[in-house]
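Enquirer: Mind having a look at this structure? Questions to follow.
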Amino acid sequence: MVKPGEKVAVAVSGGKDSLSLLHLLAGKAEELGIEIVGILVDEGIRGYREVKLEAARRYADKLNVELVVNSFKGIFGFTLDEAVQALLLDGFRYKPCTVCGVLRRYALNQIALDLGVDKLATAHNLDDEVQAFLLNALQSNLSVAAREGPLSEKVHMKLVPRIKPFYFVPEKEVMIYALLNGIESPFVECPYIVYSLRHVLRKWLNQTASNNNPSLKHRIMFLKTKLTKHFTRQTEFKTCKICGMPSSRDTCKACEFKNYVTSLLERDKLF
Ligand SMILES: [Zn+2]
């Protein structure tokens, strides 16, 4: 996933998974000959983000890793809390997690690009990948569902290649790794989790897997891997005509959401 001499940005949220990844890569940096920097996106979720941000800062300090922070407010002009308020007043055409997911992904790439890193490492584990695959598959979005494997190629000048070292590691095992290494994260949940279909799927997967189906998640991952081989070459990247960033269409999803939320905020005078 990495070559000697590369600079790797680790996407940190302050949760156990991302702190474990920071721990792992910081510990292996010298052996692998890589340089590590942590990056964090402050979405602006009151009661949640400030707690996790503090945990991330503390742990990065402990590991002696620089942590670069930018926010939705800084990049898009509004916090997620402001966006959700506007979305709510407009009848929730988009769910908070849908908007947050697109904007966070965009922001992480933007920060990584600004830092001039070679790779962007995220802590997505097997459970995350299986959930994402099923979510996309349920929306008949099979090419998106199967698009990303543990290592993405350089497909656009402005898209930092991603690596996912925990791709094949179940969530439970990452948790055990965190426990064994004394990695702690305050137990606060994002308040918008109640609107998330992923949350429902996660519970269903865990329940079904523990109910005499221990290989369920691995089997779904196997299906995804088979499909990925089929779909990878069909993904074509364009350039967003508004921001110049990679996009599968003429205007990227982040610009679309940014404009939509901004227009709602201006209309409802929520700024
Ligand atoms: Zn754009």
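Enquirer: Please give the calculated 222 nm ellipticity per residue for the chain, where each DSSP H segment of at least 4 residues contributes -39500 (n - 2.57) and the sum is spread over every residue; nearest 500 deg cm²/dmol? Display every interim value, and only then the final one.
Expert: Details: 11 runs with 139 residues, N = 271.
It lands at -16000 deg cm²/dmol.
Enquirer: May I pose another question? In whole Å, how far is the Cα centre of segment 236-259 from that of segment 131-165?
Expert: Result: 16 Å between the Cα centres.
Enquirer: Something else: What nm value, rounded to one decimal, do you get for the distance between E189 and Q207 when each label is placed 7 Å out toward the C-beta?
Expert: Rounded to a tenth, the inter-label distance reads 1.4 nm.
Enquirer: Taking 8 Å as the Cα distance limit and 6 or more residues as the minimum spacing, I'd like the relative contact order of the chain as a percentage. Spell out each step's value before the answer.
Expert: Details: 402 pairs, mean separation 58.0, N = 271.
21 percent.
Enquirer: Still on this model: Among the listed pairs K73/K203; K52/K241; K62/K238; K119/K203; K52/K253, which have their C-alpha atoms separated by more than 30 angstrom in this model? Walk me through the intermediate numbers first.
Expert: Values: K73/K203 32 Å; K52/K241 35 Å; K62/K238 41 Å; K119/K203 32 Å; K52/K253 27 Å.
In this structure, K73/K203; K52/K241; K62/K238; K119/K203 lie more than 30 Å apart at Cα.
Enquirer: Charges only on Cβ, +1 for Lys and Arg, -1 for Asp and Glu: so what's the dipole of the chain about the Cα centre, in debye to the nearest 20?
Expert: 840 debye
Enquirer: Need one number for segment 1-53: average projected area of the convex hull over its C-alpha atoms, nm².
Expert: 3.8 nm²
Enquirer: How much length, in nm to one decimal, is gained on full extension between S143 and K3, taken as 0.36 nm per residue of separation minus their Cα-Cα distance?
Expert: Contour length minus Cα-Cα distance gives 47.5 nm.
Enquirer: Can you pull out the chymotrypsin sites (Phe, Trp or Tyr not before Pro) in segment 76-158 that DSSP calls coil and that have at most 14 other Cβ atoms within 10 Å?
Expert: Values: sites: F76, F78, F92, Y94, Y106, F133; in loops: F78, F92, Y94.
Sites meeting the loop and neighbour criteria: F92.
Enquirer: In the chain, which whole DSSP H runs stretch at least 27 Å along their own axis (Cα) and average -0.5 or higher on the Kyte-Doolittle scale?
Expert: Helices meeting the criterion: 96-115.
Enquirer: Give K16/K172; K95/K258; K3/K158 a once-over and call out the pairs whose C-alpha atoms are over 18 Å from each other.
Expert: Check vs 18 Å cut-off fails for K3/K158.
Enquirer: Follow-up question, since we're still on this one. For segment 85-160, which GluC sites (Glu not before Pro) are both in a DSSP coil and crowded by at most 14 other Cβ atoms within 10 Å?
Expert: E153
Enquirer: In square angstrom, what is the accessible area per residue of segment 132-221 with a 1.4 angstrom probe? Intermediate results must be reported in sequence, preceding the final value.
Expert: On the way: 5580 Å² over 90 residues.
Heavy-atom accessible area per residue stands at 62 Å².
Enquirer: Another question, if that's okay. What is the extension gain from K62 to V155, computed as 0.36 nm multiplied by their sequence separation minus the C-alpha to C-alpha distance, in nm to one decimal? All intermediate terms of the calculation are to be shown ahead of the outcome.
Expert: Values: separation 93, 0.36 × 93 = 33.48 nm, distance 3.52 nm.
30.0 nm is the gain from fully extending K62 to V155.
Enquirer: With 5 Å bins from zero, work out the P(r) of the chain over every alpha carbon pair and list the percent per bin.
Expert: Using 5 Å bins, I get a P(r) of 1, 5, 11, 16, 19, 19, 15, 9, 3, 1, 0 for the chain.
Enquirer: Still on this structure, please answer the following. Over segment 1-127, give the accessible area per residue in Å² for a 1.4 Å probe, as an integer.
Expert: Computed with neighbouring chains in place, this is 43 Å² per residue.
Enquirer: Around I36, what is the net charge, scoring Lys/Arg as +1 and Asp/Glu as -1 over all other residues with Cβ under 13 Å from its Cβ?
Expert: Working: positive: K7, K28, K119; negative: E6, E30, E31, E35, E66, D118.
So the surrounding residues net to -3.
Enquirer: A follow-up question, please. Specify the inter-centroid distance of segment 170-226 and segment 1-61, based on alpha-carbon positions, in whole Å.
Expert: Between the Cα centre of segment 170-226 and that of segment 1-61, the gap is 20 Å.
Enquirer: Between L179 and K226, take the C-beta separation as r, use R0 = 25 Å, and let me know the FRET efficiency to the nearest 0.05. Intermediate values should be presented prior to the final figure.
Expert: On the way: r = 33 Å, r/R0 = 1.33.
Using R0 = 25 Å, I get an efficiency of 0.15.
Enquirer: Now a separate question. Take every DSSP beta bridge whose two residues both sit in the chain, then give the antiparallel share in percent to the nearest 5.
Expert: 15 percent
Enquirer: With unit charges on the beta carbons (Lys and Arg positive, Asp and Glu negative) and the dipole taken about the Cα centre of the chain, which residue among Y177, S18, L264 sits farthest to the positive side?
Expert: Highest projection toward the positive end goes to L264.
The values are calculated or read from the model by the stated rules, or taken from the named source; none is laboratory data. Computed from a predicted model, the values in this text were never measured in an experiment. Because the Cβ atoms are built from the backbone with ideal geometry, glycine has one as well, and the counts that use them run over all protein chains shown. Protein only, heavy atoms only, side chains kept; ligands, DNA and RNA dropped before computing areas. Shrake-Rupley method; radii C 1.70, N 1.55, O 1.52, S 1.80 Å.
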